[in-house]
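Single-structure report; data block below.
Just so it is clear, none of the values below were taken in a lab; they were calculated from the coordinates. Being a predicted model, the structure only gives us computed values, none of them experimental. In this analysis, Cβ positions are derived from the backbone assuming ideal geometry, glycine residues included, and neighbour counts consider all displayed protein chains.
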Amino acid sequence: MTEPHDVLIVEDELVVQEAAERILRLEGLTIDKVAKADDAAKKLHDHTYRVVISDLMLPGGSGFDVIELARSRSPATQVIVITGYATLDNAIQSFTLGAFDVIPKPFDVGELLGVVSRALRFRELSAIAGGISKPPSPTREERYFLGQHAWALLEPGGSVLFGVAETFPNTLGRSRTVELPEPEGHTLQGRSFLKMSSDDEVYRVWAPLTGQIIAVNPRIADETDLIDTDPYGHGWLVRIVPTNLEEELQKLTRR
């Protein structure tokens, strides 16, 4: 198999395809692009890519097909979904199938750069033993995961902690800020509840469960390195009271 190309863009909206290509070429990345799911299948059969960026609604198939094929052909390939149909079910199914992240349309330059940069770093770190934060061991409390993106930990008394999972630790830019949500705000499963930024890059964190926020981690704003050093402990992000717990837990993975 040939050496991996950088990025395959699978997008039938020409203006979106060209915008993504232009942004990523300026970062020095090599780009392939197709407009149909069946054309993407041919590309993925002949080549290996570090990152695949795919719309969900495509001629000749769907973005879900692209996720499954890309991940089966090369598990190291990270798939980013971009979609104008960013429903909760679509986001959750994308993560369940192994998507690295989901970007709703219209996206901005910082968000696309942030997710692609993080995906490339994650791919590199995944090849290094011990290079990324691992899930909690079986001897610790079991968590519920939204793909490899975020986790939820049920606490005594009915509250739930949220934190980031494998695709965040050690993949963010070093000079970063965290926009914490309001302590009395709400989260919605599969929707963004927190943003981080680093230089020109923007990162969203998607909520694993729906609920009312009752606390934010007071250390995170000033000690953002906790996301790298202790993502399953002191690096937690928010505490919520869930509103649809039993049904929504069925959409997460327990480990």
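Observations on the structure shown:
- In order along the stretch 236-251, the Karplus-derived 3J(HN,Hα) couplings, from 6.51 cos²θ - 1.76 cosθ + 1.60 at θ = phi - 60°, round to 4, 9, 9, 10, 10, 9, x, 10, 8, 4, 4, 5, 6, 4, 5, 8 Hz, and Gly and Pro are given as x.
- Mean separation of Cα contacts under 8 Å, 6 or more apart, over the residue count of the stretch 108-255: relative contact order %: 28 percent
- Cβ-placed point charges (K, R +1; D, E -1), dipole of the stretch 144-254 about Cα centre in debye, nearest 20: 220 debye
- The chain: most fluctuating residue of D101, D200, D55 per GNM, C-alpha cutoff 10 Å: D200
- Each DSSP beta bridge with both residues in the chain is either parallel or antiparallel, and the antiparallel ones are about 65%.
- Compared with the dominant Cα axis of the chain, that is its longest principal axis, helix 63-73 is turned about 80°.
- GNM remark for the chain: springs join alpha carbons under 10 Å apart, and the peak mean-square fluctuation among G233, G190, G63 falls on G233.
- Separation between Cα centres of the stretch 211-255 and the stretch 17-96, rounded to whole Å: 28 Å
- Unit charges on C-beta of K, R, D, E only; dipole of the chain, Debye: 520 debye
- In terms of Cα atoms, the Rg and Dmax of the chain work out to 17.7, 54 Å.
- Helix 37-46 and the longest principal axis of the Cα set of the chain meet at an angle near 80°.
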